[in-house]
1. Rolling a 1.4 Å sphere over the protein heavy atoms, what is the accessible area per residue of region 40-133, to the nearest Å²?
2. How far, in degrees from 0 to 90, does helix 2-12 lean away from the longest principal axis of the Cα atoms of the chain, to the nearest 10?
3. Can you sort SER122, SER15 by solvent-accessible area, 1.4 Å probe, largest first?
4. So what's the angle, to the nearest 10 degrees on a 0 to 90 scale, between helix 75-88 and the longest Cα principal axis of the chain?
5. Note down the nm distance, to one decimal, between modelled labels 7 Å out along Cα→Cβ at THR95 and at THR108.
6. Students often get this wrong, so try it: which of (i) 29, 14, 12; (ii) 25, 15, 13; (iii) 28, 19, 14 is semi-axes √(5λ) of the Cα gyration tensor in Å as calculated from the structure shown?
7. When the accessible area of region 1-108 is split by element with a 1.4 Å probe, what percent falls to carbon and sulfur?
8. Give me a comma-separated list of calculated 3J(HN,Hα) values for region 29-45, in order, Karplus coefficients 6.51, -1.76, 1.60 applied at θ = phi - 60°, integers in Hz, x for any Gly or Pro.
Amino acid sequence: MSGVSIVRYLLANHSALTDVVPALRIRGGDLPQGLAMPAIAVNKIGGQQENNLAMDSPSYLVTQRIQVTVLAKNYDQVQSILPLVLSACPLSRGTINGHTCEGVIPDTEGPDLYDRELDLHSQTQDFMVSFIR
């Protein structure tokens, strides 16, 4: 969960982003039904522990792919929020939200999606997050 909490913290504490998407609408995991839009979901897509010779060590490096999904009622709003997501998560390292973070690196941008039933546009931005667990 640390990768999610690191990225969510960076997003929720970036004033240019929270001017458009309030921090209460930036959530780790699934978004609740009825949440006002625009909103942002932060989820772990996958990860791995870095193997080393001291595998019995009490702490170790973990790298996770974290996906940020921007949802809004119109396409243009999604496209205007994505650059704010990237600026909220610059190449980073250090202590972030209580975690020793070795790196937050932007990765893959996902496709434009539209859910006709919910009338919602969305797009994703992935980050590779390395931290000490």
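The values are calculated or read from the model by the stated rules, or taken from the named source; none is laboratory data. A quick note: this is a predicted structure, and the numbers were derived from the prediction, not measured. Don't worry about glycine lacking a Cβ; one is built from the backbone with ideal geometry, like all the others, and counts go over all protein chains shown. Ligands, DNA and RNA are stripped out before the accessible areas are found, and what is left, the full protein with its side chains, is counted by its heavy atoms. Shrake-Rupley method; radii C 1.70, N 1.55, O 1.52, S 1.80 Å.
1. In whole numbers, region 40-133 has 56 Å² accessible per residue.
2. 40
3. Ranking SER122, SER15 by accessible area, largest first, yields SER15, SER122.
4. Taking the Cα atoms of the chain, the angle to 75-88 is about 30 degrees.
5. It is 3.5 nm.
6. (i)
7. 52
8. Going residue by residue, I get x, 6, 8, x, 4, x, 5, 4, 10, x, 8, 9, 10, 10, 9, 7, 8 Hz, with x marking Gly and Pro.
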